[in-house]
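Please read the structure below before turning to the comments.
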Amino acid sequence: MIEARGLTKRYGEKVAVEDLSFTARPGVVTGFLGPNGAGKSTTMRMILGLDRPTRGEVRVNGLRYQDMTDPLCQVGALLEARAVHTGRSARNHLLALAQTHGISARRVDEVIGLAGLTDVAGRRVGGFSLGMGQRLGIASALLGDPATIILDEPVNGLDPEGIRWIRNLLSQLATEGRTVFLSSHLMSEMALVATHLVVVGRGRLIAQTSVADFIAAASPNTVRVRSPQAIPLREALAGHGVTITATGEDTLEITGRTNEEIGEAARACGIALYELTRHQVSLEDAFMDLTRDAVEYHATNAPAPAGASAGRRSAAHAGVAA
């Protein structure tokens, strides 16, 4: 479990994190989201004792990181996959880490196999691709068989097979009762693997909730209905606080009624339904909407190339940097 209470970090006049409190619990994958400059990296560095909070504290499994006698066996972390000695082989890199904690060579070989690096374990890390380096970083994080795993952009550089591998791995680790805390800008992947979210902006907590509730809160209360008897259905559903819009000959968009209420009204009137769907936004849309005022870095309109026709000019949309 990760427990942050009133975390604040200042760098001179710059406030990177301000009064941030959250909990990441065992048995779930907690996604850590925020625009660039939101304080995510600083927060993870404070969790791992790399930066000292100006105020507040953070504990992992009840302990401050600096008070752990065997941190690699309690917290596995990947913040920068390239932070390795490039002249060492992958296996020797892991062996060097293992020897600092009395971890066996057998465990080293286990995580090499788990990360899919068996065939390249003897190669120097300096010749690794970005994806192979990422796999090595994840193997390092798992080396001590920790109860808590902290990963920053774990799918960075991975190919489709690697992305599926890390997705399944994270879910399995949570199923084993471990605390999994990860940061990523890939909302599509976060929506597939995370069950809870901690969302920050400009160093402050914006939301701490489940993925489902986060998306539901951003989704409009609109239900799309298709029926060959759209007119009588509209009459049956009309009432105070209900808005019904016909978007096709047999299609209605309804606000002010739940799926259950619409279905019951249709059943009572003997009306057939071909579709009954509540509109739901994506995690990316929900994130963009909630953090719109917390984005520190906006793209600017790009000038069109010289000589380009007016019809070919386009402007870059402002948004969260990847």
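Of note:
- Share of pairwise Cα-Cα distances greater than 37 Å in the chain is 35 percent (whole percent).
- Pairwise centroid distance, computed over Cα atoms, of the stretch 221-273 with the stretch 54-70, Å: 55
- Between 58, 41, 72, the Cα set farthest toward the positive side of the dipole of the stretch 37-93 (charges on each charged residue's Cβ, about the Cα centre) is that of 41.
- Net length available on complete extension from residue 284 to residue 251 is 9.2 nm, with 0.36 nm assigned per residue and the Cα-Cα distance removed.
- Applying 0.36 nm per residue to the separation of residue 123 and residue 25 and subtracting their alpha-carbon distance, the gain on full extension is 31.5 nm.
- Given R0 = 56 Å, the distance between the Cβ atoms of residue 276 and residue 68 translates into a calculated FRET efficiency of 0.60.
- Antiparallel DSSP beta bridges within the chain, as percent of all bridges there, nearest 5: 65
- When each of 206, 254 is scored by the number of other beta-carbon atoms lying within 10 Å, the sequence from fewest to most is 206, 254.
- Restricting the GluC sites (Glu not before Pro) of the stretch 141-244 to loop positions (DSSP other than H, G, I, E, B) with no more than 12 neighbouring Cβ atoms within 10 Å leaves 176.
- Low-density loop positions, GluC sites (Glu not before Pro), the stretch 1-55 - DSSP coil, at most 11 other Cβ in 10 Å: 13
- What the pair-distance distribution of the stretch 1-130 shows, using all Cα-Cα distances binned every 5 Å from zero, is 2, 9, 16, 18, 16, 15, 13, 9, 3, 0 percent.
- Treating r as the C-beta distance of residue 85 and residue 61 and R0 as 22 Å, the FRET efficiency rounds to 0.15.
- Where trypsin sites (Lys or Arg not before Pro) fall in DSSP loop in the stretch 1-41, at most 11 other Cβ within 10 Å: none
Read-outs throughout are calculated quantities, based only on the coordinates presented, and are distinct from any laboratory measurement. This one's a predicted model, so the numbers in the text were calculated from it and none came from an experiment. All Cβ positions, even for glycine, are placed from backbone atoms using ideal geometry, and neighbour counts span all protein chains on display.
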